[in-house]
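The values are calculated or read from the model by the stated rules, or taken from the named source; none is laboratory data. Predicted model only: the values in this text are computed from it and were never measured. Positions of Cβ are backbone-derived with ideal geometry, glycine not excepted, and every protein chain shown enters the neighbour counts. Just so you know, the surface numbers come from the protein's heavy atoms only, side chains and all, with ligands and any DNA or RNA stripped out. Shrake-Rupley method; radii C 1.70, N 1.55, O 1.52, S 1.80 Å.
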Amino acid sequence: MKRKISGVSILTPSYNDKKKVYRLLDSLKKSDYQNFEAIVIVGGTEDTLIEGPKKYPWVKWIDSSGPSDVGQTGRYNLGFAYANPHNHIMMIDSDVVVEKNMISQLVSKLESEKNIGVVTPMILYLNDKKWINQAGANVNLWNGKVWIGWGPKDQYLTPKKVQNSGTVMLFKRDLVDKIGCFEDWYMCYFDPDYCVRAEKAGFETWYEPSAVCYHDQSKDQGVWGPRVLSRAWLLGRNRTIFMRKHGKSMIVYCLFLIPLLGYYFFQAWKYKIIPKWGELVSGTVVGFFYPINKDIFVPIPKLLLSSGRVAKK
């Protein structure tokens with residue numbers, strides 16, 4: 001029996017960034033679409049779980065603390081578990097500010113066609129609102145090369161089908177019921193993986209420019225270049241896992257790794273973080289031997305009714 005949709009569950013992971021989370025919540029509160037629940041899944045050492053519920057009692061605050069950090073994907077998957085099972089699901093990173101009509105425009109596009117399973121908005125830079133931070137993305141399934149919609153806003157004014165996206169995406173409940181939650185990869189490549197799994201399940205991903213939000217990231221390569229390499233080990237591992245899972249030819253991918261690793265060596269040398277290149281190589285090697293799950297469906301963690309906590313997979 002088809003579920004009746006109640007609204008949207010908005011999932012936001014937080015890790016020592018409460019000021020950004022509060023800014024996001026302030027923007028969500030002004031939305032012209034109010035049929036939503038906001039779920040913030042908190043890790044780190046800040047007093048967010050004490051202060052947040054007092055400042056924003058309408059938000060569902062979830063504690064993700066434990067013996068070790070569960071990472072971005074772990075927090076998102078906790079959000080899937082706590083979300084209303086009759087809602088569409090929205091993932092939105094904490095360093096985002098949304099326009100008043102973003103949610104309503106995304107919902108309108110998502111529900112306009114049965115085969116649309118994922119919709120992503122026009123994501124502009126918070127400090128340059130005429131420049132696209134992301135307008136959909138694509139991972140070449142032959143060689144692993146990544147393309148991201150990036151450039152002047154005026155070049156991305158047309159809705160279009162895309163392979164994947166990140167940062168902000170709205171998932172149809174029918175899609176979530178069919179493919180579940182994210183692969184638990186901590187961070188890096190989990191979002192394109194979800195979109196490719198959606199495509200394999202018969203759903204499309206669309207970029208919708210009438211829905212707008214702003215990402216608090218620097219446009220300066222001198223800032224975001226080192227930031228990319230700050231997660232070098234996960235980047236190397238998860239790219240290789242992604243390609244083993246979805247790629248068309250591991251031979252072609254391996255050949256492409258030679259110039260790719262050369263490029264990153266130059267970047268690491270340029271920013272004087274050569275050890276990060278070693279981490280990238282190490283992670284890439286691990287990715288070739290890491291167990292992979294080729295199933296489309298990834299189960300959503302189940303809540304233990306007696307404690308409210310999430311059962312281990």
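Given the alpha-carbon gyration tensor of the range 1-53, what are the semi-axes of its equivalent ellipsoid in whole angstrom, ordered largest first, with each equal to the square root of 5 times an eigenvalue?
25, 14, 8
Give the long-range amide H neighbours of Trp131: residues separated by 5 or more places, or on another chain, with amide H under 5 Å away, using H modelled in the peptide plane at 1.01 Å from N.
Close amide H contacts, sequence-distant or interchain: Tyr125, Lys153.
Under a cut-off of 18 Å between alpha-carbon atoms, report the aspartates and glutamates in cross-link reach of Lys245, not counting same-chain residues fewer than 8 places apart.
Glu183, Asp184, Asp191, Asp193, Glu199, Asp295
What are the radius of gyration and Dmax of the range 102-164, computed over its Cα atoms and given in Å?
Cα-based Rg and Dmax for the range 102-164 come out at 13.0, 37 Å.
Convert 4 °C to kelvin, take the viscosity as 1.567 mPa s, use the Kirkwood radius over C-alpha pairs of the range 159-313 as Rh, and evaluate the Stokes-Einstein diffusion coefficient in µm²/s, rounded to a whole number. Please report the intermediate quantities before stating the final value.
Values: Rh = 17.7 Å.
Diffusion coefficient, whole number: 73 µm²/s.
Based on the Cα gyration tensor of the range 169-250, what are the three equivalent ellipsoid semi-axes, each the root of five times an eigenvalue, rounded to whole Å and given largest first?
For the range 169-250, the semi-axes come out at 25, 20, 11 Å.
For the range 1-155, give the percent of accessible area contributed by carbon and sulfur heavy atoms, probe 1.4 Å, rounded to a whole number.
Solvent-exposed carbon and sulfur of the range 1-155 make up 51 percent of the total.
If you count only protein heavy atoms with a 1.4 Å probe, what accessible area per residue comes out for the range 1-103, rounded to a whole Å²?
45
With a cap of 12 neighbouring Cβ atoms within 10 Å, and only residues DSSP puts in a loop, list the chymotrypsin sites (Phe, Trp or Tyr not before Pro) found in the range 1-108.
Here the sparse-neighbourhood loop sites are Trp58.
Pop a pseudo-label 7 angstrom from the Cα along the beta-carbon direction at both Thr45 and Phe297 and give the gap in nm to one decimal.
For the pair Thr45/Phe297, the computed spacing is 4.2 nm.
By how many nm would the segment from Phe265 to Tyr290 lengthen if fully extended, with 0.36 nm per residue of separation less the alpha-carbon distance?
Gain on stretching Phe265 to Tyr290: 6.6 nm.
Return the sequence-ordered ³J(HN,Hα) values of the range 54-69 in whole Hz as given by the Karplus equation 6.51 cos²θ - 1.76 cosθ + 1.60 applied to θ = phi - 60°, using x for Gly and Pro.
Here the 3J(HN,Hα) series is 6, 7, 9, x, 7, 9, 8, 9, 10, 8, 9, 5, x, x, 9, 5 Hz.
Could you pull out the trypsin sites (Lys or Arg not before Pro) across the range 52-107 that fall in loop regions by DSSP (anything but H, G, I, E, B) with no more than 16 other Cβ atoms inside 10 Å?
When the trypsin sites (Lys or Arg not before Pro) of the range 52-107 are filtered for loop state and at most 16 Cβ neighbours within 10 Å, Lys100 remain.
Can you give the accessible area per residue of the range 161-247, in Å², using a 1.4 Å probe?
29
Which value, in Å³ per residue, describes the convex hull spanned by the Cα atoms of the range 208-259?
Dividing the Cα hull volume of the range 208-259 by its residues yields 150 Å³.
Over the Cα atoms, compute the radius of gyration (one decimal) and Dmax (the largest Cα-Cα distance, rounded to a whole number) for the range 26-157, in Å.
Rg, Dmax (Cα atoms, Å): 16.9, 50.
With charges only on Cβ, +1 for K and R and -1 for D and E, what is the dipole size of the chain about its Cα centre, in debye, rounded to 20?
Numbers: 43 positive and 29 negative charges, 76 e Å.
The dipole magnitude comes to about 360 debye.
Have a look at Leu234, Leu78, Leu261 and tell me which one the Gaussian network model of the chain (Cα, springs below 10 Å) gives the largest fluctuation.
Leu261
What do you get for trypsin sites (Lys or Arg not before Pro) in the range 242-300 restricted to DSSP loop and a cutoff of at most 10 other Cβ within 10 Å of the site's Cβ? Please report the intermediate quantities before stating the final value.
Working: sites: Arg244, Lys245, Lys248, Lys270, Lys272, Lys276, Lys294; in loops: Lys248, Lys272, Lys294.
Those that pass, being in a loop and sparsely packed, are Lys272, Lys294.
Treat the range 127-225 as a sphere of radius equal to its Kirkwood radius over Cα pairs and apply Stokes-Einstein at 37 °C in a medium of 0.692 mPa s; give the translational diffusion coefficient in µm²/s, rounded to a whole number.
223
For a Förster distance of 41 Å, can you work out the FRET efficiency between the beta-carbons of Gln34 and Trp224, rounded to the nearest 0.05?
Using R0 = 41 Å, I get an efficiency of 0.75.
Debye calculation, C-alpha points only, no solvent: report log10 I(q)/I(0) for the chain at q = 0.09, 0.11, 0.15, 0.16 Å⁻¹, in the same order as the q values.
Per q value, in the given order, log10 I(q)/I(0) is -0.45, -0.69, -1.35, -1.54.
May I ask for log10 I(q)/I(0) of the range 53-107 at q = 0.12, 0.18, 0.26, 0.31 Å⁻¹, from a Debye sum over the Cα atoms as equal point scatterers with solvent left out?
-0.37, -0.84, -1.31, -1.27
Would you work out which of Pro53, Phe288, Tyr22 lies farthest towards the positive end of the dipole of the chain, given +1 charges on the beta-carbon of Lys and Arg and -1 on that of Asp and Glu, about the Cα centre?
Phe288
Tell me the net charge near Lys130. Cut-off is 15 Å between Cβ atoms, Lys130 excluded, with +1 for each Lys or Arg and -1 for each Asp or Glu.
On the way: positive: Lys129, Lys153, Lys219; negative: Glu99, Asp128, Asp154.
Local net charge: 0.
Under 13 Å between alpha carbons, and skipping anything fewer than 8 positions from Lys129 in its own chain: which aspartates and glutamates qualify?
Within the straight-line cut-off, Lys129 pairs with Glu99, Asp154, Asp216.
Hey, can you grab everything whose amide H is under 5 Å from the amide H of Lys145? Only 5+ residues off in sequence or another chain; H modelled, so Pro and N-termini drop out.
Asn140
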